[in-house]
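Engineer: I have a structure I would like to understand better, so I am pasting it below and will then ask my questions one at a time.
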Amino acid sequence: MSVQIFHNPKCSTSRKVLLALQEAGVEPQVIEYLKTPPSETQLKEILRIGNLKPQDILRKRDKVFKEKFADKSLSDAQWIKAISEHPSILERPLCVSEDHAAICRPIERWKEFV
């Protein structure tokens, strides 16, 4: 199974999920999303695959989220654009396969991708 992980190497949970996948024999495509933000098209596909709403993948504890978006009520399209433009508000780690996408919090959710 091909797996992508939208990863932040500074996040201990993200590092743990990446290591767990690798130890299980899965070598995911690592996307450091702060350096290479997902496009709006990618985000729409991830949301479709995971049966998720943009609000499900928001990192509400993020400084940028608190400063720019905490008091906002945006449409799905506006949230998708905001995540693409401000990737730090994307919750991590986000794992994606051909037919599944999920935020791996709690950390044990990585098992859905093996």
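Engineer: With both bridge residues required to lie in the chain, what share of the DSSP beta bridges run antiparallel, to the nearest 5%?
Structural biologist: Values: 7 of 11 bridges.
Taking every DSSP beta bridge within the chain, about 65 percent pair in antiparallel fashion.
Engineer: Moving to a separate point now. Over 23 Å between Cα atoms, which of Lys16/Lys111; Lys66/Lys111; Lys81/Lys111; Lys16/Lys44 qualify? Present the calculation step by step, with values, prior to reporting the outcome.
Structural biologist: Details: Lys16/Lys111 12 Å; Lys66/Lys111 31 Å; Lys81/Lys111 30 Å; Lys16/Lys44 26 Å.
Over 23 Å apart, Cα to Cα: Lys66/Lys111; Lys81/Lys111; Lys16/Lys44.
Engineer: Going by Cα centres, region 61-81 and region 10-36 are how many Å apart?
Structural biologist: So the two Cα centres are separated by 25 Å.
Engineer: Okay, next question. Against the longest principal axis of the chain, how steep is helix 12-23, in degrees 0 to 90 to the nearest 10, with axes from Cα atoms?
Structural biologist: On a 0 to 90 degree scale, this one is about 30.
Engineer: Can you sort Arg105, Arg59 from fewest to most other Cβ atoms within 10 Å of each residue's own Cβ? Can you show the working numbers first?
Structural biologist: On the way: Arg105 14, Arg59 19.
In increasing order of surrounding Cβ atoms, one gets Arg105, Arg59.
Engineer: Tell me the chymotrypsin sites (Phe, Trp or Tyr not before Pro) within region 1-83 that lie in a loop according to DSSP and have at most 11 other beta-carbon atoms within 10 Å. Display every interim value, and only then the final one.
Structural biologist: Working: sites: Phe6, Tyr33, Phe65, Phe69, Trp79; in loops: Tyr33.
Those that pass, being in a loop and sparsely packed, number zero.
Engineer: Report the FRET efficiency, 1/(1 + (r/R0)^6), for Ser88 and Ala24, where r is their Cβ-Cβ distance and R0 is 41 Å, rounded to 0.05. Don't skip to the end; give the middle numbers.
Structural biologist: Details: r = 28 Å, r/R0 = 0.69.
With R0 = 41 Å, the Cβ-Cβ based efficiency is 0.90.
Engineer: What residues have an amide H closer than 5 Å to that of Leu58, excluding those fewer than 5 places away on the same chain, when H is modeled at 1.01 Å from N in the peptide plane?
Structural biologist: Under 5 Å from the amide H of Leu58 lie the amide H atoms of Glu91, each far enough along the sequence or on another chain.
Engineer: Could you rank the peptides 90-97, 7-14 by their average count of other C-beta atoms within 10 Å per residue, with the highest value first? Please report the intermediate quantities before stating the final value.
Structural biologist: Numbers: 90-97: 23.5, 7-14: 15.9.
Taking the mean over residues of other Cβ atoms within 10 Å, the ranking is 90-97, 7-14.
Engineer: Obtain the nm distance between the two label points defined at Glu32 and Glu45 by a simple spin-label model: each point lies 7 Å from its Cα along the Cα-to-C-beta direction.
Structural biologist: Calculated label separation equals 2.3 nm.
Engineer: Nearest 0.05, what FRET efficiency do Glu108 and Asp76 give at R0 = 30 Å with Cβ-Cβ as r? Please list the in-between numbers first.
Structural biologist: Numbers: r = 28 Å, r/R0 = 0.94.
Approximately 0.60, to the nearest 0.05.
Engineer: While we're on this one: For region 4-113, report the translational diffusion coefficient in µm²/s to the nearest whole number, using Stokes-Einstein at 10 °C, 1.306 mPa s, and a Kirkwood Rh over Cα pairs. Spell out each step's value before the answer.
Structural biologist: Values: Rh = 14.0 Å.
So the translational diffusion coefficient is about 114 µm²/s.
Engineer: Sticking with this structure for a sec: Whole-Hz ³J(HN,Hα) for each residue in region 88-95, computed from phi via Karplus 6.51 cos²θ - 1.76 cosθ + 1.60 with θ = phi - 60°, x for glycine and proline: what do you get?
Structural biologist: Taking θ as phi minus 60°, the curve returns 5, 7, 7, 5, 9, x, 9, 10 Hz for region 88-95.
No lab work stands behind these numbers, since they all come straight from the coordinates. The structure presented is a predicted model; accordingly, all values stated were derived computationally and were not measured. In this analysis, Cβ positions are derived from the backbone assuming ideal geometry, glycine residues included, and neighbour counts consider all displayed protein chains.
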